[in-house]
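The values are calculated or read from the model by the stated rules, or taken from the named source; none is laboratory data. Note that the structure is predicted; figures quoted are calculated from it, not measured. A quick note on method: Cβ atoms are made from the backbone with ideal geometry, for glycine too, and the neighbour counts reach across all protein chains shown. Side chains are part of the model used for accessible areas, which takes the heavy atoms of the whole protein and leaves out ligands, DNA and RNA. Shrake-Rupley method; radii C 1.70, N 1.55, O 1.52, S 1.80 Å.
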Amino acid sequence: MSFLIDSSIVITSQILFFGFGWLFFMRQLFKDYEVRQYAVQVIFSVTFAFSCTMFELIIFEILGVLNSSSRYFHWKMNLCVILLILIFMVPFYIGYFVVSNIRLLHKQRLPISCLLWLTFMYFFWKLGDPFPILSPKHGILSIEQLISRVGVIGVTLMALLSGFGAVNCPYTYMSYFLRNVTDTDILALERRLLQTMDVIISKKKRMAMARRTMFQRGEVHNKPSGFWGILKSVTTSAPGSENLTLIQQEVDALEELSRQLFLETADLYATKERIEYSKTFKGKYFNFLGYFFSIYCVWKIFMATINIVFDRVGKTDPVTRGIEITVNYLGIQFDVKFWSQHISFILVGIIIVTSIRGLLITLTKFFYAISSSKSSNVIVLLLAQIMGMYFVSSVLLIRMSMPLEYRTIITEVLGELQFNFYHRWFDVIFLVSALSSILFLYLAHKQAPEKHMAP
Amino acid sequence: MASLDRVKVLVLGDSGVGKSSLVHLLCQNQVLGNPSWTVGCSVDVRVHDYKEGTPEEKTYYIELWDVGGSVGSASSVKSTRAVFYNSVNGIILVHDLTNKKSSQNLYRWSMEALNRDLVLTRVLVTNGDYDREQFADNQMPLLVIGTKLDQIHETKRHEVLTRTAFLAEDFNAEEINLDCTNPRYLAAGSSNAVKISRFFDKLFEYLFTPVILQKSLTWKESA
C-alpha cells in the first residue's frame with residue numbers, strides 16, 4: 001500500500017518536471033523557431049524530467065521521506081529509463097535529423113541513421129577501455145558498464161564547464177579587466193565600415209554594368225569552374241570576363257574586411273554597455289562578488305593541484321568534517337545526527353539547484369549562438385544528451401558531498417564503480433580546463449586593445 | 001547612365017529565410033549555389049530601367065543591403081546594425097512561408113528599421129507591438145516577399161497565402177511569394193517580375209517627391 005502512495009508521489013513530481021521542461025523549451029530555447037517535430041520537444045522534456053527525479057530521490061534519501069524499498073525501486077527504474085534515452089533514443093534521433101537535413105540522402109533516412117547509431121555504439125563501447133573504471137566482475141550489458149561510460153563523458157563535461165566557469169566568472173564580473181572604449185572609437189570604426197561598404201558598392205556597380213554590356217553584346221561570362229575550366233580560361237578568355245573575375249576577387253577581400261569591422265564594432269558596443277553597467281549599483285555589487293569568486297577560483301585550482309600531486313582523494317564529506325572541526329576544536333556540542341542531516345540537505349540542495357540553473361543558462365546561451373532554422377532540432381537533441389549525461393555524473397560526484405549513511409543508496413544502485421577514479425578524473429580535467437581558459441582569456445584580452453587604440 | 005544620389009533598399013528578415021539567395025537572384029539572375037550565414041551586411045547592385053518602354057526610360061543602380069541577424073540579438077548587435085539603416089529609400093521584408101514566427105517577426109524588423117534613432121538611444125523597446133497608425137502614415141515603399149514556396153504542400157497553399165495576404169495588407173505593401181532556388185518565378189514578363197519592377201519604380205517616384213511631402217521619413221545622418 002505504501003508502495004503505491006510513494007510511487008504516485010514520485011510520478012506526480014515527474015509530471016511536474018516534465019511540464020517545466022516543456023515550458024522551458026517553448027519559452028526560452030525555441031522562442032524564434034517553429035516547433036515542427038514534436039518528438040524533439042518530448043525527448044528534451046522527458047530527459048529533463050528523469051534527471052530531476054534522480055536529484056529528487058537523493059533529497060528524499062537525506063530527508064528520509066518515503067519507504068526505503070520503494071526508493072530503491074524507483075532509483076533502479078529511473079536509471080534504466082535514463083540510460084535507455086541517453087544511449088538508444090537520443091543518438092538515434094540525432095543521426096536521423098542530421099541525415100534528414102542532407103537532401104541527397106533523403107530517401108534512405110532510416111537505414112543510414114541506424115548505421116550512424118551503430119557507429120556511435122561502437123565508439124561508446126571503446127571509450128571504456130583505457131579507463132580503470134570497473135572491477136572486472138560484470139557481464140557485458142549490465143547497468144554498471146553503461147553507467148561507467150556515461151559517467152566518464154559526463155564528468156569530463158562537468159569539469160570542462162566548471163573550469164571555464166570558475167575562470168570566466170571573475171573575468172566578467174570584475175571591471176578591472178574592462179577596456180576603455182570611447183564614443184569616438186566607435187564612430188571611427190563605423191565610418192570605416194561604411195566606407196568599406198561604399199567601395200564594395202562601386203565595384204559591384206562596375207561589375208553589374210560590365211555584365212549587362214556583355215549580355216547585350218551576346219558574350220557569356222563563364223566562371224572558371226573546376227580544373228579544366230581554369231586551364232581553358234588561360235588560353236581562351238574574353239577580356240570582359242577576365243576583368244570580372246579580378247574585380248570579384250577584390251570584392252571578396254573587401255567583404256571579408258567588412259565582416260571583421262562589423263564584428264569589431266559589435267564588440268565595442270558590448271564593452272561600452274558593460275562599462276555603463278559597471279557604474280550602476282548592481283554592477284558595483286557584481287564587481288565586489290568578482291573579487292570573492294577570483295579568490296575561490298584560485299583556491300579550487302590550488303586544491304585540485306594538491307589532490308593530484310599528493311594522490312589524495314577526500315574520504316570524508318565537507319559536512320562531517322565541518323561538524324568534526326566545530327565539535328573537536330571549538331568545543332561546541334550539539335546533536336550531530338540531527339544537524340548533519342539538515343546541513344547536508346541544504347548543502348546538497350544548493351549544489352543541485354545551482355548546477356541545474358547554471359547548466360540551463362549555459363545551454364540557452366550556447367543554443368542562441370550556434371543554432372539556425374535548419375539545425376535547431378539537432379542542436380536541441382545534442383543539448384538534451386549533454387544535459388542527461390551531466391546530471392548522471394552529478395549524481396556520481398555528489399556522493400562525495402554526502403555523509404556516509406546517505407551514500408549507501410547511490411553505491412547500491414550504481415554498483416561497484418570506482419568512484420575515486422571519477423574524482424581524480426574531475427580534478428585533472430578541471431585543472432586543464434581552468435589553466436587553458438586563463439591562457440585563452442589572457443591572449444584574447446591582450447590582443448584586443450592593440451587593435452582599437454591605434455591612432 | 002544617370003548617376004543619382006544612391007538609391008538604397010534594405011532587405012530585412014529573420015536568419016535563414018533566404019535573403020541572400022533572394023538578393024543574388026534579383027541582382028545576378030542566377031541561383032545562389034552555396035548559401036552561408038551573413039555576418040554583418042552584404043550588398044549587391046541591381047541595374048534597373050526606370051519607366052521601361054517609355055521615351056523617358058533611364059537606367060539606374062539600386063543597392064540592395066542584405067542585413068543579417070535576428071530580432072532577438074543582443075543590443076550591441078542591434079546598435080551596430082543601426083548604422084546600415086541610414087538614408088533608406090525602401091524596404092523589402094522577407095519571411096519564410098514554412099515558419100510562422102518569421103512572419104510575425106517582420107513587425108519587429110520594420111519597427112527596428114523605421115525607428116533607427118530610437119533604437120540608438122534605447123528609448124524604444126522592440127517587443128512586437130507595432131503601431132498601425134505609423135504604417136498607415138508611412139510613405140516609404142515596402143515589399144513583402146515570402147520564400148520557400150516549393151516546400152508548402154499543395155493542400156496547405158491556400159491557407160498560407162491567405163495569411164500572407166493579411167500580412168501584406170498590414171504593411172500596406174505588395175506581396176510576392178516565390179522559391180529562391182528557381183529563377184522561373186522571376187522570369188521576365190511574369191506577374192512577380194512586374195510587381196518587382198513596379199516596386200523599384202515607386203522608389204524613384206518617392207525620391208523625386210519634394211522634401212516637404214516626405215515629412216517623417218528621411219533620417220538625419222549620424223553627426
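What to note about this one:
- Amide H contacts of B:PHE171 (H built 1.01 Å from N, in plane; Pro and chain starts excluded): no residue 5 or more places away or on another chain comes under 5 Å.
- Computed over the alpha-carbon pairs of the stretch A:170-216, the distance histogram in 10 Å steps reads 22, 22, 21, 16, 11, 7, 1 percent, short to long.
- Ordered by solvent-accessible area of protein heavy atoms (1.4 Å probe), largest first, the residues B:ASP170, A:ASP129 come out as A:ASP129, B:ASP170.
- Accessible surface for A:MET26 stands near 90 Å², nearest 10, in the context of the full protein assembly shown (1.4 Å probe).
- Computed with a 1.4 Å probe on the full set of protein chains, the accessible area for A:GLU61 sits at about 30 Å².
- For B:ASP96, the residues whose modelled amide H falls within less than 5 Å of its own, excluding neighbours fewer than 5 places apart on the same chain, are B:SER102, B:SER103, B:THR147.
- Ranking B:THR80, A:THR12 from most to least accessible surface, computed with a 1.4 Å probe over the protein chains only, gives A:THR12, B:THR80.
- Interface between chains A and B: roughly 3200 Å² of accessible area buried, both sides summed (probe 1.4 Å, protein heavy atoms only).
- Net charge dipole size for the stretch A:1-81 [Lys, Arg +1 and Asp, Glu -1 on Cβ; Debye, nearest 20]: 100 debye
- When each of A:LYS446/B:LYS8; A:LYS279/B:LYS8; B:LYS78/B:LYS100; A:LYS446/B:LYS19; A:LYS31/A:LYS204 is checked by Cα-Cα distance, pairs over 31 Å: A:LYS446/B:LYS8; A:LYS279/B:LYS8; A:LYS446/B:LYS19; A:LYS31/A:LYS204
- Annotation: per residue accessible area for the stretch B:1-118 equals 33 Å², rounded to a whole number [probe 1.4 Å, protein chains only].
- Solvent-free Debye calculation, one equal scatterer per alpha-carbon of the stretch A:1-58: log10 I(q)/I(0) at 0.13, 0.22, 0.24, 0.25 Å⁻¹ equals -0.39, -0.82, -0.91, -0.95.
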